[in-house]
Amino acid sequence: MSRQVRVTLLGAGLVVTHFLALRLLPAGSQAATNVSVGMLILGALIAAASAVRTARRCAGRARYGWAVLAVGMVGWAFGESVWAYYVTFREGNAPFPNLGDFGFLTMVPAAVAGLVAVLGVRRGLLKVMLDGLVIAGSLLFLSWVFVLEDVYRDGSLTAGAKAVSLAYPLSDVLLASVALILLRRAAAGHRMTAALMLAAAVALSVGDLGFAYLNQHATYNCGNPIDTGWVAGFILIALAAHRAPASRRGDAGQSVPFLPWLPYVPLAAAVLAAVELLARGEKMTAFLAVLLGTVILLVLVRQMVALRDNTALSRDLRRVVAQLRAREQELHHLAYHDALTGLANRALFVRSAEEALDGPFALLYLDLDGFKPVNDQHGHAVGDALLVEVGRVLRAETREGDLVARLGGDEFAVLMPGVTDRAEAEEVGARLAVGLAEPFTISGRRVVIGASVGVAVRAPDDLDLDAVVRRADAQMYAVKSTRPGRRPVLDPA
């Protein structure tokens, strides 16, 4: 049996034991009071100890969250200790409200702050707030219909007693609303913690609503079985802290949407309660009508916000897709083009030439004459600028459908699809040689180079690209070797 299962069974055993003890002991007896008070203080301290233990193994916001939650549990234990003092040493004559209520009511804001710190809300804060208002309004409607309205209208309670009696269940409504919101938005590793905290809020609400109802009718005695709701709430908080994952500093986790319809379950229950109230022939008070109408209006606002966010998300998605497509085109261009000159690179040249093997084409193979001395004397920046100018000349002197490529260094090639006449290709090669022999002005310097050009036309028996390239390359070297140091022109041979 795993440690998690053993701890869960132990907690369940404490809750069942408390309930059975209060059912078996005489109602209102000192024994029942002692058992209930002792178990309540023990449950609160167990929850505080579990939260402190979890805080010590966490870091950042999670550590502070569990520490604050532990303070809230200690506050509740303090409140129960004050209550125990009255029922034990003052023969059950505990004034209401008293100092212990301060400790009781400290627990809820501490638990809320702790939950928000532990689970956190980093995105969609407006939607979270609207969900919280919908849940809180719906739970308040239900609580008011079934319990709180009678407490509010009870003339036997003082204003202070009435305010404190209402504060308990209203605080539980707040805690349950926060737990519901965070359950829906909790990261995967924190969902069990959020679910246990939600169950704890429900259990505490049962205890507080039962206390408010019984206290209104002057039938509540310490040791009533309704106290088990509080014990169960503290045990569930302790289990939530025990099951919480250890958080590293800066580890925010990624919120995962969970049960998107969850915030509307309390609203559906509130609407059904309103229908049942009207079906009995009772009139809905102005407060309840305004409250329910406000909640429904909040739902409409929530849907409008969701529609706005979805529209913005769609717009952002289209922009991202456009950026990705542009980036894809850019990467494709970089993969098949020379970064310096913008001409096709060797990969694109080879691919295009192999595709052209199905028909006729001519190939010009160029090697610059005198480029190395320019690069050595004037530096690589001048050499790079000269290569850019060479690329400009090659594009200007070739046909629109020709592919001009830089194969590497100072070697270039021109693929001329559809050319079968060698003379046509030689004419283009001659123009290139003449154009490249003209002086270039690079960074204020007059630079003179030339080019050796080889020409090859695909023969019917050329089944691969290498044969055509070898012929063009061989002629290019023949031109270079037979005309050393002279103005580069196309070899008529």
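Rule-based calculations on the coordinates, nothing more; no lab input. As the structure is a prediction and not an experimental result, all values here were calculated from the model. When we count neighbours, we look across all protein chains shown, and the Cβ atoms used for this are built from the backbone with ideal geometry, even at glycine.
Taking the mean number of other Cβ atoms within 10 Å as a proxy for protection, how do you rank 269-277, 344-352 from highest to lowest? Display every interim value, and only then the final one.
Values: 269-277: 15.3, 344-352: 17.4.
Ranking the peptides 269-277, 344-352 by packing returns 344-352, 269-277.
Once you put a point 7 Å from the Cα of L307 and another 7 Å from the Cα of H378, both along the Cβ direction, what distance in nm separates them?
Distance between the two pseudo-spin positions: 6.6 nm.
Going through segment 51-92, which trypsin sites (Lys or Arg not before Pro) have at most 11 other Cβ atoms within 10 Å and a DSSP loop state?
The qualifying sites are R90.
Which whole-number percent is the relative contact order of segment 22-91 (Cα, under 8 Å, 6+ apart)?
33
Taking the Cα atoms of segment 346-482, what is the range of coordinates along each of the three principal axes, in descending order and whole Å?
Cα extents, longest axis first: 48, 30, 21 Å.
Please tell me the relative contact order of segment 346-482 in percent, rounded to the nearest whole number, where contacts are Cα pairs under 8 Å and at least six residues apart. All intermediate terms of the calculation are to be shown ahead of the outcome.
Numbers: 215 pairs, mean separation 48.1, N = 137.
Answer for segment 346-482 is 35 percent.
Mind giving me the nanometre distance, one decimal, between the label points for A437 and D462, set 7 Å out from Cα along Cα→Cβ?
2.5
Starting from the Cα-Cα distance between A339 and T8, subtract it from 0.36 nm times their residue separation and give me the gain in nm to one decimal. All intermediate terms of the calculation are to be shown ahead of the outcome.
On the way: separation 331, 0.36 × 331 = 119.16 nm, distance 6.52 nm.
In short, 112.6 nm is gained.
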